Amino acid sequence: MGFFRKRFGKSKTKQVRSESELSFQKGLDLRKEAPELGRPVVKGRLAVSLKGQITLLEEKLNTPDTRSEPPRHIEVIRKLADYYLKLGEEDFNYYLKAENLYKQFNVLYPLHMEKIDWLVWIEASAKAKLIREARRLLEEARMLFPGDKQFDDIETRVLHISGTS
């Protein structure tokens with residue numbers, strides 16, 4: 001009889017799993033979906049510098065895990081370009097990196113480019129002294145977002161940057 005009970009009865013793990021509610025699993029799924037890139041990375045009690053944040057994001061940028069999830073990859077690209085623009089005031093080469101990153105963003109995810117992405121890309125191009133490219137992007141953005149006042153402001157900045165160079 002013991003043989004039949006073992007053979008046809010449920011094992012202890014199957015019985016426990018069938019009776020339990022998997023509420024902890026839902027919590028794990030929510031935590032996995034939560035964006036973790038917006039928060040500053042903290043080691044101990046000290047926040048990581050801007051260059052440290054850049055190296056961490058550069059490591060995440062082209063990993064298969066990040067590339068397999070387009071929203072996460074887009075978030076990494078936007079955050080990294082923002083950090084590049086902040087460091088561009090110290091080192092001119094970061095403006096070129098930001099402009100190149102937005103170029104890749106437009107190639108990989110053209111339908112996910114928002115108006116703010118276009119504005120930042122145009123400004124990064126102008127600051128990288130790629131004035132012709134900035135004007136071409138401005139024309140393209142005006143076709144996508146006709147009559148937008150923010151593009152007038154960015155055009156003024158591009159003209160100002162081109163006038164100072």
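The values are calculated or read from the model by the stated rules, or taken from the named source; none is laboratory data. The structure presented is a predicted model; accordingly, all values stated were derived computationally and were not measured. Cβ placement follows ideal geometry from the backbone for every residue including glycine, while neighbour counts extend to all protein chains displayed. When the accessible area is computed, the model is the full protein with side chains, heavy atoms only, and any ligands, DNA or RNA have been set aside. Shrake-Rupley method; radii C 1.70, N 1.55, O 1.52, S 1.80 Å.
The sole residue among Leu101, Leu85, Leu37 that is surrounded by 14 or more Cβ atoms within 10 Å (Cβ to Cβ) and at pLDDT below 90 is Leu37. Of all residues in region 49-69, those satisfying the criterion of being hydroxyl-bearing (Ser, Thr, Tyr) and part of a loop (DSSP other than H, G, I, E, B) are Ser49, Thr63, Ser68. If you go through region 104-128 and keep only what is among the acidic types (Asp, Glu) and in contact (Cβ under 8 Å) with a residue 12 or more places away in the chain, you end up with Asp117, Glu123. The number of residues in region 64-82 being open to solvent by less than 40 Å² (accessible area, probe 1.4 Å) and either within 28 Å of Ala126 (Cβ to Cβ) or in contact with a Pro (Cβ under 8 Å, 6 or more places away or on another chain) (or both) comes to 6.
Screening region 70-146 for helices (runs of 4 or more DSSP H) wholly inside it with 2 or more residues that are over 15 Å from the mean Cα position of the chain (by Cα) and among the aromatic types (Phe, Trp, Tyr) returns the ranges 93-108. Being hydrophobic (A, V, I, L, M, F, W, C), open to solvent by less than 30 Å² (accessible area, probe 1.4 Å) and out of contact with any Phe, Trp or Tyr (no Cβ under 9 Å at 6 or more places or on another chain) is a property that Leu61 has. I'd like to know if region 108-118 contains one or more residues that are within 22 Å of Thr66 (Cα to Cα) and of a type in the set (Ser, Thr, Tyr). Yes; the residues of region 108-118 include at least one that is within 22 Å of Thr66 (Cα to Cα) and of a type in the set (Ser, Thr, Tyr). Among all positions in region 117-131, there is no residue which is at pLDDT 90 or above, surrounded by fewer than 17 Cβ atoms within 10 Å (Cβ to Cβ) and at negative phi.
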